[in-house]
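Throughout, read-outs are computed from the coordinates displayed, never taken from laboratory work. All values derive from a computational prediction rather than experimental measurement. Here the Cβ positions follow ideal geometry from the backbone for every residue, glycine too, while neighbour counts run over all protein chains shown.
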Amino acid sequence: MLSGRRILLVIGGGVAAYKALDLIRRLKERGAAVRCVMTAGAQEFVTPLSAAALSQEKVFTDLFSLTDEADIGHIRLSRESDLVVVAPATADLMAKAASGLANDLASNILLATDKPVLMAPAMNPRMWAHPATRRNLATLAADGVLFVGPNAGSMAERGESGVGRMAEPLEIVAAVEAALAGGAKPPAPSVAWRDVIYQGAEAALAGGAKPPAPSVAWRDVIYQGAGPAPPPAPGRLPPQGPLAGMRVLVTSGPTHEPIDPVRYIANRSSGRQGHAIAAAAAQAGARVTLVSGPVNLPDPPGVRVVKVETAREMLQAVEAALPADAAVFTAAVADWRVAGAAGEKIKKTADGAPPALALVENPDILAAVSQMASGRPKLVVGFAAETEKVLEHAKAKLARKGCDWIVANDVSPESGVMGGERNTVHLVTAEGVEDWPTMNKDEVARRLVARIADALARAGAGA
Ligand code: C5P
């Protein structure tokens, strides 16, 4: 399955480093070539000799080793691999990678590599839950780093349990295979994965049997876009992820504005982007309400969906769903509705004159929420679908509506965005404009959600 694939395994300094040795074995069994880099901390837990014996390759430890640099420099180490795996990814290594520090060989490789990076975090649950780690996680995810784990269970520290155990070697192997398959999805989580983790934690707390390993780790689901998010299990294991504990409101789809009982004004919005954002926010641990106009899409798993038809219904549903920490207005709300829609089907007249349809302006939901005097979400994000002068109009909209960010996209017929799978967007904030590469709508959603998590973590830190 992995034959011919080259893995650069960075082993960080944590108790879970012993599992990295098993990981080498598992990867080799599947035909991968594994080359190891060990931090100084890692060498306190396992020896380079063991890693060398298992990988049958020289193990690299020093940034300034003359022989290594002359022989195989850090750039070559990364160039000669297909994937960089960091296991265990300690809080320190994540912080270094998130900030671009490069004072040892491991962090240097992470800064220099242009290969995909998969991290398997492992740390004490309090370190994992710390806002600093949350921020680093959001930054790394936004940078495109993939994650597997951590799982819940007992810690090396006596009597401690919680989320922070490194994913099991076979879970990491599955994530490696998924990452190398180039976007292929890792196996969907088993229905009861949360229960499994929860029971594991419970058993650990009771000092009981070894917790069963979940079939797939939570972070696989968040960051690799694997199958649907598991349904939340209220009152059980609290949600994990960079948006855990946050409430996110998303609007999606078009609105239908009735002309008479059988006819309406609509637009071409499919709801794909808004639904993807709601799904990504739920996968990142948020409690999500999705207010959706009429769409032909399944409800995203783990999301509360409120279905509406008209702009006025959408406004009501949005108001009812507040408060929220962040609100993302993706819906293509009709700007106008027909004044006094007919109660009966409008009939053709004998003289052939078409009916005169008087239009009135709909409420602007985004502007209303952005300008709320109290209870405004900390972060309000609007979308700007434009067919020309995309950035110019988006910047004007940011100022006019009073929202914090505008995600601008070109929806001219030649762009294929409306109803399509892919999207090319620009993120317009008070700081400037970021041009994002063309991605599919799920990737846009994940990236936006990672940015939202980052902004909320910063807002929280500053509060
Ligand atoms: O003004 P325009 O329709 O181009 O603005 C687009 C943004 O405003 C989107 O975020 C859309 O969801 C939101 N909007 C709204 N209510 C309206 C019109 C647009 O929330 N009536």
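Residues Val428, Val288, Val318, arranged from fewest to most other Cβ atoms within 10 angstrom of their Cβ, appear as Val428, Val318, Val288.
Assuming R0 = 30 Å, can you tell me the calculated FRET efficiency for the pair Glu313 and Ala350, based on Cβ-Cβ distance, to the nearest 0.05? Result of the calculation: an efficiency of 0.25. Taking label positions 7 Å along the Cα-Cβ direction at both Glu434 and Phe64, the computed distance is 3.5 nm, reported to one decimal. Phi angles across the range 432-443 convert, under the Karplus curve 6.51 cos²θ - 1.76 cosθ + 1.60 with θ = phi - 60°, into 3J(HN,Hα) values of x, 10, 10, 8, 8, x, 5, 9, 7, 5, 5, 5 Hz, Gly and Pro given as x.
Other residues lying with their Cβ under 12 Å from the Cβ of Asp454 contribute a combined charge of +4, Lys and Arg counting +1, Asp and Glu -1. Rounded to whole numbers, the Karplus 3J(HN,Hα) couplings from phi for the range 13-24 are x, x, 4, 5, 4, 4, 6, 5, 5, 5, 4, 4 Hz, using 6.51 cos²θ - 1.76 cosθ + 1.60 with θ = phi - 60°, and x at Gly and Pro.
As a rough footprinting exposure proxy, the listed residues Leu322, Leu49, Leu140 were ranked by other beta carbons within 10 Å of their own, and the order from fewest upward is Leu49, Leu322, Leu140.
Computed from the C-beta positions of Asp114 and Glu392 and an R0 of 30 Å, the FRET efficiency is 0.35 to the nearest 0.05.
Exposure proxy ranking for Val248, Val37, based on other Cβ atoms within 10 angstrom of each Cβ and starting from the fewest, stands as Val37, Val248. So what is the relative contact order of the range 311-387, in percent, for Cα pairs below 8 Å that sit 6 or more residues apart? It comes to 48 percent, rounded to a whole number. Here's how it looks for Leu63: its modeled amide H is under 5 Å from those of Leu105, which are all 5 or more places away or on a different chain. Taking amide H as placed 1.01 Å from N in the peptide plane, Val37 has its amide H under 5 Å from the amide H of Leu9, Val10, Ile11, Phe60, each at least 5 places away in sequence or on another chain.
Considering only C-alpha atoms, what is the centroid distance from the range 346-391 to the range 40-54, in Å? The range 346-391 and the range 40-54 have Cα centres spaced 62 Å from each other. As a calculated quantity, the FRET efficiency between Leu170 and Met372 at R0 = 60 Å, using C-beta atoms, amounts to about 0.75. Summarising the amide proton neighbourhood of Ile259: residues at separation of 5 or more, or on other chains, whose placed amide H is nearer than 5 Å comprise Tyr264, Ile265. For the range 108-129, the residues whose backbone nitrogen is under 17 Å from a point 7 Å from the Cα of Ile75, taken along Cα to Cβ, are 108-115.
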